[in-house]
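Note sheet for the following structure.
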Protein chains: 2
Amino acid sequence: MAAACPLCAADGGRLVLRTPRWRLIHAEGAGFPAFYRLVWNAHVAEFSDLDRGERAELTEALALAEQLIREHLAPTKMNVASLGNMVPHLHWHLIARFEGDSHFPAPVWATAVREPDAAQLEGVRARLPALESAMRERMASAR
Amino acid sequence: MAAACPLCAADGGRLVLRTPRWRLIHAEGAGFPAFYRLVWNAHVAEFSDLDRGERAELTEALALAEQLIREHLAPTKMNVASLGNMVPHLHWHLIARFEGDSHFPAPVWATAVREPDAAQLEGVRARLPALESAMRERMASAR
């Protein structure tokens, strides 16, 4: 627990699933409807601060979340990233990207290349409840 | 091997180390001197296309590369990402970030926030040969 760390003080988004070592949150208002974050509960800064067993647990959770997102949303591409320059508490961004989304094929952190497509956004949003049910069912026991 | 895939046709940058399943390259001209990419040799698009053993091998290589970069360069933060919207052949960006670099604390894909600091860039570049020697020694046998 680190003083003034926002990911120690709060979940960091809408909680989908919490396990003893990590939690999965939905990042609201990011402009990408299928934007999730896998947050390591303990305050560590870097992936290489984890031991091998912890890394394996986090990696398998990331891969299973990615697989479920692919099954439910069929994105053009998955984007996965651990940056943390502003909040150096280990968290992985998991973002489903679609041809025609506001930034595609640029990274979500680059300048937008087109206006968002409201129908596409709504189509993705409509499938999130089923996706998140599957995440809760399949990921809680995954190790 | 996929037709017209640049990461099937070539290494994709200056080769640091090649193993049977992955290679580590230095990304030239990215504006960030310590910008490496861990490229899976076979043509797969997503991390979740690998099996568990392959993911573990890739994860441990990523973590060891990150640890060596931290030991040699002492960056402010490591940035790790698998995007691949333009080249959907699995590769992980590994970027050492420094307070005061051209984009910090923004992601490298965002708009620059300041001019690059030539002395800082040169200081990092000067330490790359020793880093890459350590990568070749330590990572070739790591599994």
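Every number in this text was worked out from the coordinates using simple rules, so none of it is lab data. What you see is a predicted model, and the numbers here were worked out from it, not measured in a lab. Cβ placement follows ideal geometry from the backbone for every residue including glycine, while neighbour counts extend to all protein chains displayed.
Couple of notes before you dig in:
- Residue count for the range B:39-52, restricted to those that are more than 11 Å from chain A (Cβ to nearest Cβ) and out of contact with any helix residue (DSSP H, G or I) (no Cβ under 6 Å at 6 or more places or on another chain): 4
- Some residue of the range B:55-63 being within 9 Å of chain A (Cβ to nearest Cβ), under 11 Å from the mean Cα position of the chain (by Cα) and in contact (Cβ under 8 Å) with a residue 12 or more places away in the chain: yes
- When each of A:GLU46, A:GLU28, A:GLU54 is tested for being surrounded by fewer than 20 Cβ atoms within 10 Å (Cβ to Cβ) and under 30 Å from A:GLU115 (Cβ atoms), the lone residue that passes is A:GLU28.
- Selection within the range A:64-109 - in a loop (DSSP other than H, G, I, E, B), at the interface with chain B (Cβ under 9 Å from one of its Cβ atoms) and under 15 Å from the mean Cα position of the chain (by Cα): A:LEU83, A:GLY84, A:PRO107, A:VAL108, A:TRP109
- Filter result (away from chain A (no Cβ under 14 Å), closer than 19 Å to A:ALA81 by Cα and out of contact with any helix residue (DSSP H, G or I) (no Cβ under 7 Å at 6 or more places or on another chain)) within the range B:16-34: B:ILE25, B:HIS26, B:ALA27
- Counted residues, the range B:88-126 - those being surrounded by 17 or more Cβ atoms within 10 Å (Cβ to Cβ) and over 18 Å from B:ALA61 (Cα atoms): 14
- Checklist (1) surrounded by 21 or more Cβ atoms within 10 Å (Cβ to Cβ); (2) in contact with a strand residue (DSSP E or B) (Cβ under 7 Å, 6 or more places away or on another chain) applied to A:ASN85, failing item: (1)
- Hits in the range B:1-18 (condition: surrounded by 13 or more Cβ atoms within 10 Å (Cβ to Cβ) and closer than 22 Å to B:ALA34 by Cβ): B:LEU7, B:ASP11, B:GLY12, B:GLY13, B:LEU15, B:VAL16, B:LEU17, B:ARG18
- Check on A:GLY31, closer than 23 Å to A:PRO107 by Cβ, part of a loop (DSSP other than H, G, I, E, B) and over 13 Å from the mean Cα position of the chain (by Cα): yes
- Residues located in the range A:1-16, provided they are of a type in the set (Gly, Ala, Ser) and either in a helix (DSSP H, G or I) or in contact (Cβ under 8 Å) with a residue 12 or more places away in the chain (or both): A:ALA2, A:ALA9, A:GLY12, A:GLY13
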